[in-house]
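Here is the structure we will look at, set down as structure tokens.
What follows is calculated from the coordinates using simple rules that are stated; it is not laboratory data. As the structure is a prediction and not an experimental result, all values here were calculated from the model. Note: ideal-geometry Cβ built from the backbone for every residue, glycine included; neighbour counts use all protein chains shown.
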């Protein structure tokens, strides 16, 4: 049985296994889910042993283990390092927007609905199942190493040192990362650029504890008010970030890149229907798809202060907190950006309150060489898997490990993403289309065959 | 035994009863505490029957019952209507600032610590215990009616219609309200003015659900950002409210009132040590105590949007909510102020998001006639109870029922508050000094004797 036939005949089993994997609520950012995160790692370990990987281990870290696995039974053939993550985003759903339990996956209208369906359990399992098919069919064209972490959604703090300290052991000819998306299954695309990130907390403090707003309102600077006044100064009326120095290292974009990107525009009409917003927004002088690909942002991810429950509480809050993240583009440095924001907040904090800015996590942007032989192989593989020649795109999201792996292993990266733009990763009703799972399997099989032929 | 001796000999029993009352977590604003609120009402009903009130009933409302009680056994003597409330503020304490369980009262350094200790269970029970002492000693100088509600902390929605519809039944010669404070036990004071309130929610909505901040950041207007931009526009740099028309009905304050109030200043030093803020804040042109007494405010009581948990979640929130309240001074109207804020928010909402402003509850300001015979009796009673002639003050807080009772019953109001400025009502470690309980009892007894003599 060739690997394509193997995949066809094991369709139902693969889906059962994915559902099993998705049922584990491995939310890495919440400490109460630490045991679930470990359970997901152990599930993966057993699974990788089951498909025939010759060495599998849980690498313990200060927090969640890294699953490492290898099969090096094709001497002389090229080695592929496959990266994925088994942790998922939290599911806060106060309004009950999830139509089904996020950790009880269901198949509805050809889509698998579950937290982690596309980000990144579905995509990670696509890679594993492709390797299983190649191993089972006895036609393994490559050597393979898996690095599957459990902290991607909470900053990958322990992965970076692991990669740096194990560069020799992880050495590979190609790095494959399945943690991005395509425009849609009808418009396959390969990501060649990603934004970096600096994720911060801004806290403003006033009185030592919450006060009665009648007894002190008007004579004590309300920290919530001071915070909104600081935050409001971070953008101008047009939506440009006003933090001094923020754009200093941002490159002009070449005409060629603009032209390539113009092949996959995001019309305002489509943005409105995808998101439900009344109108698009953003920096003047750039098309919507250009803002996402080429421009850095400063975004409020969360706000909390005082009374947030039902009804009224007449409190003058002791403090106010904002979670703020910047998406970064080539040549911006996350630590430098953090410093600029910290200095800006400091300068804008009035003497009537105090403030602090903390860097929670960060990651570098990445741009992959379009002309590499691996990227050209990816083009062919996608065309085989999805029936259409893909376009090259730069994405607004961040997969900081891309840049870190590139630098540590000095190998070309291919971002083999199979999600779709509307998969709603990080939001409610996250999904992964069955057709993407299947097309992704065919693409991956062909890609490894092409890589192997070149070995 | 005269009533003063009765109070002396029943000191411990009174304290036990107060502790029993304080143990019931009657948080009216949280629907999960509805049964506790009812339990507090039933406790009060039994208690009022126990002290000899001749008619006691729970008046059912759409939400929490009103406890009504009367004793009309002194024909010809004046009738006093006593108002209190048995519900309490919520206790959200994410940082564990409460030094003891808010619903397990403890006596520490001469203070009773518990949620509701001063606001308003301690003060309500002071009134009840004074009436008990007068009844038990056979020296009852007045007729008495109690109206004790369970929705003061959530807007008194059902009390207003009850008062309006029962004006005849509630008819009284004097209205006594024990729900305010004194400067301190060493500087007794009687409140003659209170601010009104308009409590609102401002909600800004953007996308129909939370989005991935990398995939849409920079092209969709972040509702949290839009909200902070709107809120930041509500004050100028000096701390004046910028909502057009906000100050239009605010009266100039007379030189006499300024002079009376200057007897109880709030020096910046004292404000800093009471609250822990680095510096005072507020409208230029007014002393700190004047801002609290005479000036309206617009205050953020709560903020919530997006990810507010531990760590990072790279979400672009679907919506952002602020709880905002205005403290109002004479001639400002809560509905008019709500309309001004709503129009301001509407005018400041960009076309890239939508917004809504909702009025959660409101209450009128009140000013009591300083020269009334009842206020003069209160002066004497305080001097007897606390050993010092009290000053008259206007307070920053709101007890909207004051104005409502004044208007419905056409009777003079006396605000017999026994709390202290630093009792931390609405915050953590709310307390009520034992000496205030005891001084309050003596003051109340003497006040009813004085009122009775005049009957």
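Over all directions, how big on average is the projection of the convex hull of the alpha-carbon atoms in region B:304-455, in square nanometres? Working shown, then result.
On the way: hull surface 54.3 nm².
Its average projected convex-hull area is 13.6 nm².
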Exercise for review: Any chance you could check the Cα centroid distance between region A:221-288 and region A:163-199 for me, in angstrom?
Suggested key: 24 Å
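Considering only DSSP beta bridges whose two residues both sit in the protein assembly as shown, what percent are antiparallel, to the nearest 5? It would help to have the intermediate numbers written out before the result.
Numbers: 105 of 150 bridges.
Roughly 70 percent of the DSSP beta bridges within the protein assembly as shown come out antiparallel.
Need one value for A:315-325: mean number of C-beta atoms belonging to other chains within 10 Å of its residues' C-beta atoms. Could the numbers behind the result be given before it?
On the way: counts 11, 8, 6, 7, 1, 3, 2, 7, 11, 2, 8.
Averaged over the peptide's residues, the number is 6.
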Review point. Across peptide B:293-300, how many C-beta atoms of other chains are within 10 Å of each residue C-beta, on average?
Key: 6
Exercise for review: Would you list the P(r) distribution for region B:91-160, with all Cα-Cα distances sorted into 10 Å bins from 0 and each bin expressed as a whole %?
Suggested key: 16, 34, 30, 17, 3, 0
Revision key, fill the gap. Reduced to Cα centres, the span from region B:1-40 to region A:104-159 in Å works out to 60 Å
**Study point:** Other-copy label distances relative to residue B:164, 7 angstrom Cα-Cβ extension, nm
**Key:** 7.0
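Taking Rh as the Kirkwood radius, which is the inverse of the mean 1/r over Cα pairs, what is the Rg/Rh value for region A:250-324?
Numbers: Rg = 18.8 Å, Rh = 15.9 Å.
Over the Cα atoms of region A:250-324, Rg/Rh equals 1.18.
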Check your understanding: Kirkwood Rh over Cα pairs of chain B into Stokes-Einstein at 4 °C, 1.567 mPa s: D in µm²/s?
Key -> 55 µm²/s
Practice item. Any chance you could tell me what percent of the C-alpha pair distances in region B:80-125 go past 13 Å? Key: 60 percent
Revision key, fill the gap. Per residue of A:284-291, other chain Cβ atoms within 10 Å number on average 2
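Based only on the alpha carbon positions, what is the Kirkwood hydrodynamic radius of region A:398-455, in angstrom? Please report the intermediate quantities before stating the final value.
Details: mean 1/r = 0.0730 Å⁻¹.
This gives a value of 13.7 Å.
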Review point. So what is Rg over Rh here for the protein assembly as shown, counting just Cα atoms and using Kirkwood for Rh?
Key: 1.09
**Study point:** Among beta bridges that DSSP assigns inside chain A, antiparallel share in %, nearest 5
**Key:** 70 percent
Practice item. Sort B:148-158, A:111-121 for me by packing, meaning the mean count of neighbouring Cβ atoms within 10 Å per residue, highest on top. Key: A:111-121, B:148-158
Check your understanding: If one puts a single equal scatterer on every Cα of region B:345-395 and applies the Debye formula without solvent, what log₁₀ I(q)/I(0) results at q = 0.24 Å⁻¹?
Key -> -0.96
Practice item. Run through all the Cα pairs of region A:1-109 and give the fraction in each 10 Å bin from 0, expressed as whole percent. Key: 12, 34, 34, 16, 4, 0
Exercise for review: Express in % the proportion of alpha carbon pairs of region A:293-393 at distances exceeding 22 Å.
Suggested key: 57 percent
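Provide the percentage of antiparallel DSSP beta bridges, counting only those with both residues in region B:46-156; round to the nearest 5.
Working: 13 of 20 bridges.
Percentage antiparallel, nearest 5: 65.
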Check your understanding: Considering only the label points, 7 Å along Cα→Cβ from Cα, what distances in nm to one decimal separate residue B:93 from the same position in each other copy, shortest first?
Key -> 3.2
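Rank by packing, highest mean first: peptides A:99-108, A:133-142, with packing defined as the count of other Cβ atoms within 10 Å averaged across residues.
Numbers: A:99-108: 15.2, A:133-142: 19.0.
Going by the mean number of other Cβ atoms within 10 Å, highest first, we get A:133-142, A:99-108.
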Review point. Expressed as a rounded percentage, what relative contact order does chain A have, with Cα pairs under 8 Å and six or more residues apart?
Key: 25 percent
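May I ask you to order B:337-350, A:391-404, B:49-62 by the average number of other C-beta atoms within 10 Å around their residues, highest value first? Intermediate values should be presented prior to the final figure.
Working: B:337-350: 18.2, A:391-404: 23.3, B:49-62: 14.1.
The most tightly packed comes first, giving A:391-404, B:337-350, B:49-62.
Can you tell me what percent of all Cα-Cα pairs in region B:55-190 are more than 20 Å apart?
Numbers: 5017 of 9180 pairs.
Above the 20 Å cut-off, region B:55-190 has 55 percent of its Cα pairs.
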**Study point:** Distance histogram in 5 Å bins (all Cα pairs of region A:299-357, percent per bin)
**Key:** 4, 14, 19, 21, 16, 11, 8, 5, 2, 1
Check your understanding: Shortest first, in nm, what separates the label point of residue B:58 from those of the same position in the other copies (7 Å along Cα→Cβ)?
Key -> 5.3
